[in-house]
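In what follows, a single structure is set out as structure tokens and then discussed.
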Amino acid sequence: MATPNLQVNNLTKSFGNLVLFENISFGIAERHRIGLIAKNGAGKTTLLNIISGKEGCDTGEIVFRNGLRVGYLEQHPKYPAGTSVMEACLGHSNYGRGIAGQARNDDDDAGDDDGGDDDDADDDNADDGDAALLAKQILTKFKITDLNQRTEELSGGQLKRVALAAVLITKPDLLILDEPTNHLDLAMTEWLEDYLSRGTYSLLMVTHDRYFLDRVCNEIIEIENRQIYSYKGNYNYYLEKRQERLETMGMERERAQNLFRKELEWMRRQPQARATKAKARIDSFHDLEEKLKQNRTSGDVQLGVKASYIGNKIFEAEYVSKRFGDIKIVEDFNYIFSRYEKLGIIGNNGTGKSTFIKMLIGTEQPDSGRFDVGETVKFGYYSQDGLQFDDRMKVIDVVQNIAEVIDMGDGKQLTASQFLQHFLFTPEKQHSLVHTLSGGERRRLYLCTVLIKNPNFLVLDEPTNDLDIITLNVLEDYLATFKGCVIVVSHDRYFMDKVVDHLLVFKGKAEIQDFPGNYTQYRESERVKGEGSKVQGEGYKVEGERYKVQGSSTLHPPPSTHHPSPAKLTFNERRELEALDKEIPALEAEQKALEQELSTGTLANDALLQKSQRIQKIIEMLDEKSMRWLELSEKDCDKF
């Protein structure tokens, strides 16, 4: 039997009374690509740090094959002040050469036992010129172009990409990657996915990107209840076998099983979804209507927190323009946001996605034009930099300071503690101090503080970074039943496919495409264009410029032959839409007045019954008319 590249034997790690894992063992064979899954706080990063020698363990050993070269990407890499980008890459390329077959805790002496020398290392990695050329190629893919820039001047995302490039150019035998797709845009993620899929090395990786796991890994290991469970297949296979394990063991985990059953059912539908072309806009809204009907009748909703009332007017962007120096973000941008819309925003880093969001919620002002936001809109904003807590507070106190009780609708309520449990904070963890939480747990707590305020319009800017897959399942389940509006900015393709019904694609230089479908459908549409896409793209851009001169938005450029323009409103449809604009507010006002009468407690029984029946009828009428208004208004806005 061949010697494995890495063998972990009977490993135990604890922090005080908290035991992360106990007597776990597993091996990594040649060309095995393993994805490590566990909920936040279960010890994923700690395990990688132990394997890399950056952290000790209580008991057990880590044994490497003699002469093995290891490349390790940390979750939060650091370099000495004054280090340039290229120096960071070429200096890091020496890391891990000559790790020997011994207990990894003896890390200081590990480099002395490989029997190799610097000449051997140079033979394997080529000369510095070749390494520098490879570094430039990979850094270019990661949008890092100033190779002399000091690492302390880089953003956190740029620093992570430099560190990833530094690891890849070593051409190691074993790659250990902690959240490699964080801070990568979609194009970078797909490039890395292809790069790793073609490599001959072994891989141990922590990531929340489920498409990445499914397409790169051939084995999944999961830390659960301090133990290791191994699944010899990709993420889809893991979902199937994990479900079988839970059912076989007879665990009373109905809620967790439901989440993963939904995940499995959705994954099974994907081969067909990936093969289809982008749907027409009207089809996407029929799908949305069906989803909304299902949400109203579903009997297994796990967390359907009541959203604050939201009226018909959400927001309108009217000729919005924004630029920073020579960099255009948007120009003469027009858009009408619909009730219950679930919109995804994608695009490369630096194309203005976060700036657009900040203009919408009012923290950044456009240079010209305006966002006209409806009076009933109540934003819930999850930002990339909004993670600020008093580390001396208990987890439960953070949430209770916002709300003691959460209205679930239908007369049901949750305490703050019950709400936290839905987001995987056990009663014990709720009474821990914030400073003891892992990075992912802090993100999860931040998410709870946003959702508990009962917003009716959620704006989520990179919500998936540092969240574990189990938490993402909970969030996706929440958003599927959320009775309000959602905008998501994310590089997580799987998350976007499950949550949104159409996209705004930020392409840079104020070019924005409105696409009627999810991310997979968008990528399929782009592939369908084939080799002619570049030529078509240039012509498309010229036409967009002509339209901007006429004062129209770049959001809705002239229709191409690949995407025929949907039919505009007929005369009768326009009259119907105008009537609905009056009927819906009138019904909402009547409903509110009846609710106030019913709450007085002074009505006779006959009147109480009559008004209750009328409210039920109004609710049914509002559902029907709102869906019709949604369909007509979206069709109408296509004229822009």
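The values are calculated or read from the model by the stated rules, or taken from the named source; none is laboratory data. Keep in mind it's a predicted model, so treat the numbers as computed, not measured. Cβ coordinates were reconstructed from backbone atoms using ideal geometry, including for glycine residues, and neighbour counts include every protein chain displayed. Note: accessible area is taken over every heavy atom of the protein model, side chains too, but ligands, DNA and RNA are not part of it. Shrake-Rupley method; radii C 1.70, N 1.55, O 1.52, S 1.80 Å.
Quick rundown of the values:
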| item | result |
| --- | --- |
| Output for the range 350-378, where each listed residue is charged (D, E, K, R) and touching a residue at least 40 places away in the same chain (Cβ under 8 Å) | Lys353, Glu364, Asp367, Arg370, Asp372, Glu375, Lys378 |
| Qualifying positions in the range 439-459 - surrounded by fewer than 20 Cβ atoms within 10 Å (Cβ to Cβ) and not in a helix (DSSP H, G or I) | Lys453, Asn454 |
| Selection within the range 144-158 - open to solvent by 40 Å² or more (accessible area, probe 1.4 Å), in a loop (DSSP other than H, G, I, E, B) and farther than 18 Å from Leu184 by Cβ | Asp146, Asn148, Gln149 |
| Listing of strands (runs of 3 or more DSSP E) fully contained in the range 166-227 that carry 2 or more residues being more than 19 Å from the chain's Cα centre (by Cα) and surrounded by 23 or more Cβ atoms within 10 Å (Cβ to Cβ) | 174-178, 202-206 |
| Output for the range 362-403, where each listed residue is closer than 22 Å to Asp466 by Cβ and open to solvent by less than 40 Å² (accessible area, probe 1.4 Å) | Gly380, Tyr382, Ser383, Gly386, Val395, Ile396, Val398, Val399 |
| Residues that are part of a loop (DSSP other than H, G, I, E, B), more than 20 Å from Arg442 (Cα to Cα) and touching a strand residue (DSSP E or B) at 6+ places or on another chain (Cβ under 9 Å), drawn from the range 67-78 | Gly67, Arg69 |
| Residue within the range 460-469 that is at pLDDT below 90, part of a helix (DSSP H, G or I), open to solvent by less than 50 Å² (accessible area, probe 1.4 Å) and of a type outside the set (D, E, K, R) present | yes |
| Residue ID - modelled with the highest pLDDT, chosen from residues in the range 571-583 that are more than 21 Å from Gly311 (Cα to Cα) and open to solvent by 70 Å² or more (accessible area, probe 1.4 Å) | Asn572 |
| Residue within the range 393-411 that is more than 26 Å from Val486 (Cβ to Cβ), outside any helix (DSSP H, G or I) and in contact with a Leu (Cβ under 9 Å, 6 or more places away or on another chain) present | yes |
| Looking only at the range 584-619, and only at residues there that are more than 21 Å from Arg339 (Cα to Cα) and basic (Lys, Arg), the one that is modelled with the highest pLDDT | Arg614 |
| From Ala480, Ala510, residue being over 19 Å from Ile361 (Cα atoms), small (Gly, Ala, Ser) and either open to solvent by less than 10 Å² (accessible area, probe 1.4 Å) or more than 16 Å from the chain's Cα centre (by Cα) (or both) | Ala510 |
